[in-house]
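The values are calculated or read from the model by the stated rules, or taken from the named source; none is laboratory data. Not measured: the values here are computed from a predicted model. Quick reminder, even Gly has a Cβ in these numbers, built from the backbone with ideal geometry, and neighbours come from all protein chains shown.
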C-alpha cells in the first residue's frame, strides 16, 4: 500500500525531497490535464504546469493537510490559470470592444469547426468561473470536490454547471443557425 | 448522445493530450530543483520538527502572494533558481542519470524518468533513509517516522479530529479563495435567449415571382414575449417579434364555417400606413365541433424541473396554470406527469382526470432543483402517451420548460425528426414556455411546428387562462392538419406585393401540392389571419421601376387581383383537400380587419420594418381603439396598453 498524497505532501512540506518527487510525479499527469482544460492549448498548458511546478516547493510550505493534496494543488492551478489569463487580457484590452471581437472570432471559428474546434470555442466562450468549474468537473471530479477546489459551495457548482450547459446549448443553436 | 455536457466531456477527453514526456521531465526536474534549493538543498527532511510555522518564511510568502502571481512567480523562481545554480555547482555533482538503479515511480514511463538526473542518485542512495525514490520505500519510511511527528497533525490528516485546529485554519493561504472570487474577465450577462426569425418579408415583384406560398400557423408565443418585454420596460428584441403570431393572438369575428372544417374569407381594404397600397386580408375561421362530443384526451405533462425553473414566474406559475386547466378536463380524460432534470421520471402514472386530488398532489410535489438530466424525459413522455392511447382518443405531450431542452436528444435536427416521427404515429406535442432569460424560442417553435402543436409563452396567470382554459379545445383538438396557402397574383393588376409576417413559415412553391411537406395546423375554433400589402399597377407607391425590356404581362387574368388556393388535410388523413377562391378589388372588408391591421402595423413598427415609415405607435393606438369592437376577454384593451408602453419607450 502506498502512502496517501497528503502524507507525502506533509513530508515534503517538512523538507523530504524524495517524498516531494514521488508526490509530484504522481500528480503531474492530472495537473497537466487540468491545465489543458483550463487553458485549452497544449502550449499554454505546458507553460502553466511549469509555472506551478516551479513555485510549488515554496507554496508547499503552507500546506497543512487540512484539505486533500489534489484539492489544494488544483486550487493553485486554477489561480495560476487566472493570473495567466489576466495577463493575456490586459494585453488585449488595448483593442476596444474585446468581447465583440471575441464573439466574432468564435462565430468565425464555429463555421469551420471540427469537434475539437467546437470544444475550444465552447470553452473559451464561457465566463471564467464557469470555465474553471467545467474544467474541474469534466475531469471526473465530483461537485463537492470542485467546490472545495474553488472555495465555493456545492450548490454554486451545480448552478454553474447548469449555467454552463445553457451557454453550450446557446452556442450550439447559434452554430446550427449559421 | 446524452446531453451537451456529456458530449463536451467526451470531446474533452479525446482532445486532452498526454503530457509531453520531455516537458514533463523538465518540469519535474525544475520542481525538484526548486524544492531542493528551497529546502536549503537537503535531500531528506530536516532533522528538527519545530520549523517556523508563521515566521519569516510565511511572512515572506504572504507578501509574495499579495503581489500579482506573475511577480510572485518570477521573484520566487528567480531567487530559488539563482540559489540553485550555486548550490548545484557546489554541492551536487551533476552526474549522468543512472536509471538502472532507480525504481521508477508509478505513473512514469521509464523514458520519462530523466527528471531524477538533477538529484544526483548517488547522493540519494547514500541518504540515511531515502535510498530510493520509490512509492513503497517512501511510504515505509514515512510510516516509521510518523510516530515521532507532532501527534496533533498526524491525527488530523488520518481523519480523526484535528488536535491543533488553529493550524488547520491557516493552512490555505487566504489570498487563494479571494482570488477565486474576483470578477470574471468575460461579460457574464450573455443573452442566452434564442429567437427564431428571418429577415422581414421582402417586397416581391409580381412579374418576377407571382406566387407566394406559406404555412398557416396558430402559435402565439411571440405576442406574449413582446408583452413581457414591454411590461418590463424595454422594447422587445426585433427578432422576437413575429408579426403573424401577434395578429393570431387575438380571436376575430370571422364568418363561421357552414358544415366544412373551416371557412376562408378574403377581403381587400386600405393600408393605414400607405394610402397608395391595399391590404389583402385572408381570414380563416375553424369550426368549433360540439365540445360535448369531443374525444377523450390523453395528456402527458413533460415538465422541466431543472434548477433554473425555481423562479416565481416559472414552476409555481406552471403549477397554477395546470391547476386551471384541470377544471377543463372530463372524467374520461387521463393525465400523466413526467419530469426531467433533477427528480427524474414519471411522477404521476396515468390518472383519471376525475381524481383531482392525486393530480394536484403530484403537481405540488414538483420541486425545481438539480442539474442532472433525466435523459429519457421526452422518450418516456412519448412512451407513456403511447401506453395511454386507445382507439378514438387524442394523445398529446405538453412540454413545459424555460428553455432547458435537455430532454435526452441534444442534436436539434434529431430532436425535430424524433418529434415528427411521433407526430406521424399519432401523438402530438405542444410547448409551453415559461420565464425569461433562458428562453429558447427557436427550439420551442421548431418543436411545436414539427409536433403539430402550439407553442405558447406563458408569462402571467391570465395568459395561462387564455391558453389552457379559454382556448384549450383549440389547442388540443386539431380540425385541419398541414394547412398551406398559396396566392398567385395577377401581374396585370398587381405590380408588387408583400406578405406581412410568416417569415419563418415560407414554403417553396412546389411544396404546396406535396402532401409530404408538413405545415401548420388549425385547432377547433381557431381563427387565423394572413395579410398581404399589395401595390396595384400604376400606383405611385410602386417601389420598383418596371423593366424596360421585361416580358409583357399576359394579362389574361382580367380584373382579378389574384387567386387564393388553400390546402388542408382533415385529421387522420394523408391526402389534402383544396379550396380555391379568387381575390378581386371589390371584396368587402372583413368586420374585424381594422384591429388585425392595427396589430400588424404595431408588430412591424417593433420589428423596425422599412415599409412602415409614415406611421407611428400613436396611429396604431388610434386605429386599435377605434376598431376594438367587442372585447369580452380584454385582450385587445391589453394590446392598446402595450402600444402605449412601446410609444413611451421609443420617445427617449
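This table checks each residue for (1) in the same structural domain as residue B:503 (by TED's automatic domain parsing); (2) crowded, with 21+ Cβ neighbours inside 10 Å; (3) more than 30 Å from residue B:465 (Cα to Cα).
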position	(1), (2), (3)
B:213	yes, yes, yes
B:225	no, yes, no
B:230	no, no, no
B:237	no, no, no
B:241	no, yes, no
B:255	yes, no, no
B:262	yes, yes, no
B:267	yes, no, yes
B:274	yes, no, yes
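The residue list B:303, B:284 contains one member that is part of a strand (DSSP E or B), buried (at least 17 other Cβ atoms within 10 Å of the Cβ), outside the structural domain of residue B:637 (by TED's automatic domain parsing) and touching a strand residue (DSSP E or B) at 6+ places or on another chain (Cβ under 8 Å), which is B:303. Residues in region B:200-215 that are modelled with pLDDT of 85 or more and touching a helix residue (DSSP H, G or I) at 6+ places or on another chain (Cβ under 8 Å): B:211, B:213, B:214, B:215.
Within the bounds of region B:270-282, is there any residue that is closer than 30 Å to residue B:338 by Cα and within 34 Å of the chain's Cα centre (by Cα)? No: region B:270-282 contains no residue that is closer than 30 Å to residue B:338 by Cα and within 34 Å of the chain's Cα centre (by Cα). Look through A:15, A:65, A:40 and report the one residue that is at positive phi and either crowded, with 24+ Cβ neighbours inside 10 Å or touching a strand residue (DSSP E or B) at 6+ places or on another chain (Cβ under 7 Å) (or both). Of A:15, A:65, A:40, the one residue that is at positive phi and either crowded, with 24+ Cβ neighbours inside 10 Å or touching a strand residue (DSSP E or B) at 6+ places or on another chain (Cβ under 7 Å) (or both) is A:15.
One line per residue, one yes/no per condition, for (1) more than 25 Å from residue A:145 (Cα to Cα); (2) within 21 Å of the chain's Cα centre (by Cα); (3) at pLDDT 75 or above:
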| residue | (1), (2), (3) |
| --- | --- |
| A:50 | no, yes, yes |
| A:53 | no, yes, yes |
| A:57 | no, yes, yes |
| A:60 | no, yes, yes |
| A:70 | no, yes, yes |
| A:87 | yes, yes, no |
| A:95 | yes, no, no |
| A:100 | yes, no, no |
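Residue A:169 - would you say it is facing another protein chain (nearest Cβ under 8 Å), without any contact (Cβ under 8 Å) to a residue 24 or more places away in the chain and in a helix (DSSP H, G or I)? Yes; evaluated as a whole, the condition is true for this residue. Inspection of region A:152-164 finds no residue satisfying the criterion of being at pLDDT below 75 and either facing chain B (nearest Cβ under 9 Å) or out of contact with any helix residue (DSSP H, G or I) (no Cβ under 7 Å at 6 or more places or on another chain) (or both). Filter region A:123-137 for residues that are under 14 Å from residue A:156 (Cβ atoms) and touching a residue at least 60 places away in the same chain (Cβ under 8 Å); which is farthest from the other protein chains (Cβ to nearest Cβ)? Checked region A:123-137; the qualifying residue farthest from the other protein chains (Cβ to nearest Cβ) is A:136.
Considering only region B:490-506, I want to know if a residue exists there that is in contact with a helix residue (DSSP H, G or I) (Cβ under 6 Å, 6 or more places away or on another chain), in a loop (DSSP other than H, G, I, E, B) and modelled with pLDDT under 80. No, region B:490-506 has no match at all. Of everything listed in (1) over 28 Å from residue B:257 (Cβ atoms); (2) surrounded by fewer than 22 Cβ atoms within 10 Å (Cβ to Cβ), the single unmet condition for residue B:535 is (2).
If you go through region B:613-626 one residue at a time, do you hit one that is on the phi > 0 side of the Ramachandran plot, surrounded by fewer than 17 Cβ atoms within 10 Å (Cβ to Cβ) and out of contact with any strand residue (DSSP E or B) (no Cβ under 8 Å at 6 or more places or on another chain)? So far as region B:613-626 goes, no, none of its residues is on the phi > 0 side of the Ramachandran plot, surrounded by fewer than 17 Cβ atoms within 10 Å (Cβ to Cβ) and out of contact with any strand residue (DSSP E or B) (no Cβ under 8 Å at 6 or more places or on another chain).
In region B:601-609, is there at least one residue being part of a loop (DSSP other than H, G, I, E, B), buried (at least 17 other Cβ atoms within 10 Å of the Cβ) and more than 33 Å from the chain's Cα centre (by Cα)? No: region B:601-609 contains no residue that is part of a loop (DSSP other than H, G, I, E, B), buried (at least 17 other Cβ atoms within 10 Å of the Cβ) and more than 33 Å from the chain's Cα centre (by Cα). The listed residues are A:9, A:18, A:45, and the only one of them that is at the interface with another protein chain (Cβ under 7 Å from one of its Cβ atoms) and at pLDDT below 85 turns out to be A:18.
Criterion first (crowded, with 24+ Cβ neighbours inside 10 Å, at pLDDT 80 or above and more than 14 Å from every other protein chain (Cβ to nearest Cβ)) does residue B:520 satisfy it? Judged against the criteria, residue B:520 is a match. Screening residue B:436 on (1) in a loop (DSSP other than H, G, I, E, B); (2) over 25 Å from residue B:636 (Cβ atoms) shows it passes everything except condition (2). Being free of Cβ contacts under 8 Å to residues at least 24 places away in the same chain and closer than 10 Å to residue B:595 by Cβ is the filter here, so list the residues in region B:612-639 that pass it. Hits for region B:612-639 are B:625, B:631.
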